[in-house]
1. Only Cα pairs under 8 Å and at least 6 apart count here; give the relative contact order of the range 131-279 as a rounded whole percent.
2. Choose one answer from LYS264, LYS221, LYS81: the residue with the largest mean-square fluctuation in a GNM of the chain with alpha-carbon springs under 10 Å.
3. Can you pull the three principal axis extents for the Cα set of the range 250-291, in Å, largest first?
4. Taking the chain as the reference, fit the longest principal axis to its C-alpha atoms, fit the long axis of helix 108-119 to the helix C-alpha atoms, and give the angle between the two in degrees, 0 to 90, nearest 10.
5. Which residue, chosen from PHE289, ILE114, PHE49, occupies the Cα position most advanced towards the positive end of the dipole of the chain, where the dipole is computed from +1 (Lys, Arg) and -1 (Asp, Glu) charges on Cβ about the Cα centre?
6. Roughly how many Å² is the accessible area per residue of the range 127-255, as a whole number, for a 1.4 Å probe?
7. Can you tell me the dipole magnitude for the chain around its Cα centre, using point charges on the Cβ only (Lys, Arg +1; Asp, Glu -1), in Debye to the nearest 20?
8. In whole Å, what are the extents of the range 216-297 along the principal axes defined by its C-alpha atoms, from largest to smallest?
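The values are calculated or read from the model by the stated rules, or taken from the named source; none is laboratory data. If you're wondering where the values come from, they're calculated on a predicted model, not measured in any experiment. Ideal geometry is used to build each Cβ from the backbone, glycine not excepted, and the neighbour counts take in all protein chains shown. Ligands, DNA and RNA are excluded from the accessible area calculation, which covers all protein heavy atoms including side chains. Shrake-Rupley method; radii C 1.70, N 1.55, O 1.52, S 1.80 Å.
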Amino acid sequence: MSSVLVATLVANPSKTRLSEATLDRAAQALGGVERRRWLDEGVAADLIFTGELQPKRAALEKALADEPVDVIVQPLARRLKRLLVADMDSTLIGQECVDELADVAGVGDRVAAITERAMRGEVAFAPALRERVALLAGLPETVIDDVLRDRIRLNPGARTLVKTMRANGAYVAIVSGGFRQFTRAIRERIGADEDRANTLMIEGGRLTGKVIEPILGQDAKLGALKEIAAAMGLTLGDTLAVGDGANDLPMLEAAGLGVAYRAKPKVAANAHARIGHADLTALIYAQGFARKDFVEG
């Protein structure tokens with residue numbers, strides 16, 4: 001069924017510039033566009049056209065496959081989202097917190113290998129998390145603050161994404177398969193409204209090697225998206241979700257716009273859109289904001 005659609009093209013300005021020639025090429029692949037506009041000249045632009053979403057998106061992605069440009073295609077109506085649900089590890093931040101703790105404990109390689117398999121969806125999330133956390137038994141609780149201070153860094157655009165959305169009336173929740181001991185701190189750094197995650201069990205000032213049950217995984221992430229949207233009186237069409245791992249996929253598929261950010265292949269292939277070149281500000285452009293509308297962190 002044909003509808004009015006918008007394709008947002010976003011480049012990483014530190015690596016390339018988005019050119020009029022690329023926009024012309026995109027417009028040709030779409031069979032013509034009704035109008036185009038720069039959101040940030042040389043960085044992000046909208047192309048508005050009519051057609052069926054899936055075939056048009058496939059044609060556009062094929063035409064620009066050799067360009068270092070991200071493409072987000074969606075219905076023009078309701079592109080401005082009122083709820084953002086975001087994964088934390090390797091999405092809002094550039095690290096996997098469990099891997100960083102494991103590195104301090106001297107079991108970094110073992111834990112990183114399990115993390116990679118879990119995020120690719122090759123092993124079930126909950127048992128993989130229990131296996132990794134068991135290797136952290138005995139670490140002093142103070143290591144958490146050390147890791148947060150010395151190793152954990154926000155991904156580019158994370159704070160600007162959250163602040164811009166909140167300034168425009170949206171609600172932002174971090175929903176992570178990681179740990180509350182980290183999500184609380186990241187929520188404060190970026191100014192999110194709430195955070196949900198697993199909790200590392202600590203006794204006598206040391207990690208026990210266990211996680212408080214039940215473990216928050218893909219079902220809980222999807223549940224959080226639906227629960228928060230319902231509490232706000234929103235439909236899922238009003239929501240934006242972003243993540244990188246297999247446990248994010250149900251949430252990404254259910255959201256009005258589900259974005260795979262620097263994601264594992266299975267996730268990138270099944271999300272509504274994928275960001276592999278630009279930073280997290282691509283999610284601001286995707287909602288129709290121009291660069292001048294950004295609220296910087």
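1. Working: 235 pairs, mean separation 26.5, N = 149.
Answer for the range 131-279 is 18 percent.
2. Of LYS264, LYS221, LYS81, the most mobile in the Gaussian network model is LYS264.
3. For the range 250-291, the Cα extents along the three principal axes come out at 31, 22, 10 Å.
4. 50
5. Looking along the dipole axis, the top candidate is PHE49.
6. 40
7. Working: 39 positive and 40 negative charges, 109 e Å.
Dipole of the chain, to the nearest 20 debye: 520 debye.
8. For the range 216-297, the Cα spread along each principal axis is 37, 33, 21 Å.
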